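Taking it in order: structure first as structure tokens, then the write-up.
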Amino acid sequence: MRVIVVTAMKHVVILGAGFAGLELATRLSESLAGEVRVTLLEQNDSFSFGFSKLDILFGRKSTADVLLHYRDIAKEGVEFRQERVVSIDPEKRQVATDVASYDADILVVALGADYDFAATPGFEAGGVEYYSVAGAGRMRDVLSNFDSGKILIGILGHPFKCPPAPFEGALLLHDHFVERGVRDSVEIRIVGPIAAPVPITKELSQSILDALTERGIEYVPNQHVVELDTRNNEARFKSGISISYDLFVGIPVHRVPHAVESCGLAVDGWVPVEKTNLATRFSGVYAVGDVTGLPMAKAGVFAEAAARVVADDIAARLRGDVLQQPYEGAGSCYIEFGGGMVGKVEANFFGGPTPTARLVGPSRELAADKVAFASTRRERWFES
């Protein structure tokens, strides 16, 4: 006689609907429909690609053009709720939001990294940034009235999202001022706390340094901004030096969200996870994306790839199997060089004995590839 075993549907609660949360919810809907029900919690009403902030900054698109609304998510077995996570109990896999509370069989923390603007005194009052949608809009308005002077781009902490982005911004600022006919009146300089722009490989950093040098942009390494003197328009550094500016553009300090920090998940600032499957030290709890402490770049493509591994690991565990393909930390990031040219950084952090990275391009073909990248994910996650 055949025995039919009926198991209760497992409840997967995903905190955060960025690259990781969206991909994980989609993959679970595809692979485990009928076996799991997914609750996707996110405090915002819409998603945007990181690189779309550059479209806002340089007036190529409006804010409305780049937003993808979560209300359009329609995946089998997935319920989206716009709520703010207030507290997390990783031992009990319980989550409280500003609206309700949830008990999870499997909890996935994909809340990303928050910006700590107050960590750098003077920055909120005396600087601009393009790492947020609102910030990109404000900086666009400031740029429209800026036609001469010193621009200082300061990387205020490490790690930070999308390591090429500060340099990408500088390259596009160069183009912006060339097109306006005032480039000779504008000085652009980047300062950062790390020795090289993208230190995963010397060759990759050198490629970026060469592009900056060709455009008359200086990178000042190993300098940590501790405050902005907004009265004298000077950035003060831990080393004791100061650099004057007319416009300060900051890459803000990143940190885990408060709910993650206060619940005991974070250690030394970030959430430690198993490199192979993104599991935390708490049973049935994963952490994915920028919130983790993995020794690798923080970027959406890596979070997306990690989410696929978590989905596979969840499926394997539910079926009494083991994960077949561990996480390699592999992905490709696009970087605009200006003039319609786009490069692609192909990186792999864990797939071999040492991390690897190379720059492909830049080319106009890769610009089209970048458009296709966004289009495929928009269709996959939002069916639009």
Next on the checklist: With a cap of 14 neighbouring Cβ atoms within 10 Å, and only residues DSSP puts in a loop, list the trypsin sites (Lys or Arg not before Pro) found in the range 239-332.
Outcome noted: 281, 319
Checklist outcome for this item: Computed about the Cα centre, the charge dipole of the range 189-324 from +1 Lys/Arg and -1 Asp/Glu charges at the Cβ has a magnitude in debye, to the nearest 20, of 220 debye
Checklist entry - Once the dipole of the range 115-254 is set up with Lys and Arg at +1 and Asp and Glu at -1 on Cβ about the Cα centre, which of 243, 213, 143 lies farthest towards its positive end? => result 243
Next on the checklist: Between helix 202-214 and the chain, what is the angle of the helix's C-alpha long axis to the longest principal axis, kept within 0 to 90° and rounded to the nearest 10?
Outcome noted: 40 degrees
Item to check | Spin-label model distance (nm) - residue 239 vs residue 76, 7 Å beyond Cα toward Cβ | outcome: 5.9 nm
Next on the checklist: Skipping prolines and chain starts, which residues have an amide H placed within reach, meaning under 5 Å, of the one on residue 227, given they are 5 or more residues away or on another chain?
Outcome noted: 236
Checklist entry - ³J(HN,Hα) across the range 242-247 via Karplus (A = 6.51, B = -1.76, C = 1.60, θ = phi - 60°), whole Hz, x for Gly/Pro? => result 10, 10, 7, 8, 9, 9
Checklist entry - Highest GNM mean-square fluctuation, the chain, Cα pairs closer than 10 Å: which of 335, 194, 251? => result 194
Next on the checklist: Given R₀ = 22 Å, what would the calculated FRET efficiency be for residue 103 paired with residue 316, taking r from the Cβ atoms and rounding to 0.05?
Outcome noted: 0.45
Checklist entry - What is the pair-distance distribution P(r) of the range 115-253, computed from all Cα-Cα distances in 5 Å bins starting at 0, with each bin given as a whole percent? => result 2, 10, 21, 24, 22, 15, 5, 1
Item to check | Spin-label model distance (nm) - residue 214 vs residue 202, 7 Å beyond Cα toward Cβ | outcome: 2.2 nm
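Whole number please: convex hull volume per residue, Cα atoms of the range 99-191, in Å³.
It is 150 Å³ per residue.
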Checklist entry - Rounded to the nearest 20 Debye, what is the dipole magnitude of the range 80-217 about its Cα centre when Lys and Arg each give +1 and Asp and Glu each give -1 at the C-beta? => result 160 debye
Item to check | Unit charges on C-beta of K, R, D, E only; dipole of the chain, Debye | outcome: 400 debye
Checklist outcome for this item: Relative to the chain, whose Cα atoms define the longest principal axis, helix 19-31 and its Cα axis are tilted in degrees, nearest 10, by 30 degrees
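Every number here is computed from the coordinates shown, using simple stated rules; none is lab data. Treat the numbers as computed from the prediction; the structure is a model and nothing was measured. Cβ coordinates were reconstructed from backbone atoms using ideal geometry, including for glycine residues, and neighbour counts include every protein chain displayed.
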